[in-house]
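Chemist: Could you have a look at this structure, given as structure tokens, before my questions?
What follows draws every value from the coordinates through simple rules; no lab data is involved. Owing to the predicted nature of the structure, the values given are computational and were not obtained by experimental measurement. Cβ: placed from backbone, ideal geometry, glycine included. Neighbour counts: every protein chain shown.
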Amino acid sequence: MKTIIFATGNKDKMREIREILGGYGAEILSMREAGIISDPDENGKTFEENALIKASAVHEKLPEQYKDAVVLADDSGLVVDAMDGMPGVLSARWMGRDTSYHVKNAQIIENLKDVPVEKRTARFVDAIAAVLPDGTEKTVRGVIEGRIGYEERGENGFGYDPIFMLPDMSVSTAELPPEEKNRISHRGRALRAMAAELFGEQG
Ligand code: ITT
């Protein structure tokens with residue numbers, strides 16, 4: 001069985017990763033479960049660069065028992081057109097890493113208070129990077145298009161989900177059941193594309 005070690009410290013991401021990759025018959029461990037501590041400087045300019053920084057840092061620290069594991073990393077974020085693409089690759093750090101998403105979401109709504117619905121376009125982007133046991137690197141990207149809402153809606157998901165509405169403004173991604181979010185989300189798309197490269201099409 002293939003072992004995948006995920007280079008993330010984000011528990012919400014890890015939950016979605018397990019939901020999405022559950023059917024591929026691989027053993028999926030967080031870096032913490034594999035006994036690896038890693039927090040590299042995410043100083044890349046793109047989601048792909050940052051995902052590779054995170055995956056490579058864990059690959060270099062693989063203990064002997066996991067030398068045959070594939071290391072994956074997820075770098076993701078919210079790109080808001082009316083904010084010139086912010087928070088983008090800075091999504092986790094924007095307004096401070098410890099600031100609550102309730103406060104961050106309120107600030108985005110405030111920034112867009114005079115922006116009409118047709119200009120409230122935004123997307124979640126997810127780059128998944130892989131470092132294979134021989135050091136080969138791969139990246140894939142998944143995107144979901146939407147619009148910034150006028151208030152927080154829904155209790156599912158995490159982060160910016162309560163203000164991220166589907167393009168028709170019907171529901172936020174925090175209002176979707178997890179399996180429906182995973183079916184259409186940036187993370188679901190990127191992880192299934194990576195799984196197709198690593199395992200073929202089954203799953
Ligand atoms: P790791 O680097 O340890 O994986 P992180 O939280 O720092 O964890 P990122 O640098 O990739 O991860 O930041 C991504 C941020 O973008 C994340 O913290 C959320 O705020 C936001 N984000 C990404 N995917 C999201 C999703 O599906 N729903 C809501 N917000 C999301």
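Chemist: Of the conditions (1) assigned to a loop (DSSP other than H, G, I, E, B); (2) buried (at least 17 other Cβ atoms within 10 Å of the Cβ); (3) in contact with a Lys or Arg (Cβ under 9 Å, 6 or more places away or on another chain), Phe158 satisfies every one except a single condition; which number is it?
Modeler: (2)
Chemist: Then there is this: Report whether or not Arg187 is farther than 29 Å from Asp41 by Cα, within 15 Å of the ligand (Cβ to nearest atom), in contact with a strand residue (DSSP E or B) (Cβ under 6 Å, 6 or more places away or on another chain) and among the charged types (D, E, K, R).
Modeler: no
Chemist: Continuing with this model, one more query. Can you tell me which residues in segment 7-24 are without any contact (Cβ under 8 Å) to a residue 60 or more places away in the chain and among the small types (Gly, Ala, Ser)?
Modeler: Scanning segment 7-24 gives Gly9, Gly22.
Chemist: Being touching a residue at least 24 places away in the same chain (Cβ under 8 Å), within 10 Å of the ligand (Cβ to nearest atom), part of a helix (DSSP H, G or I) and surrounded by 14 or more Cβ atoms within 10 Å (Cβ to Cβ) is the requirement here; does Val89 meet it?
Modeler: In short, yes.
Chemist: Across segment 1-55, what is the total count of residues that are within 24 Å of Trp94 (Cβ to Cβ), more than 10 Å from the ligand (Cβ to nearest atom) and assigned to a strand (DSSP E or B)?
Modeler: So the answer is 0.
Chemist: Taking the stated definitions as given, is Gly142 at positive phi and not polar (S, T, N, Q)?
Modeler: no
Chemist: If you don't mind, another one. Condition check: more than 12 Å from the ligand (Cβ to nearest atom), small (Gly, Ala, Ser) and in contact (Cβ under 8 Å) with a residue 12 or more places away in the chain. Does Gly135 satisfy that?
Modeler: yes
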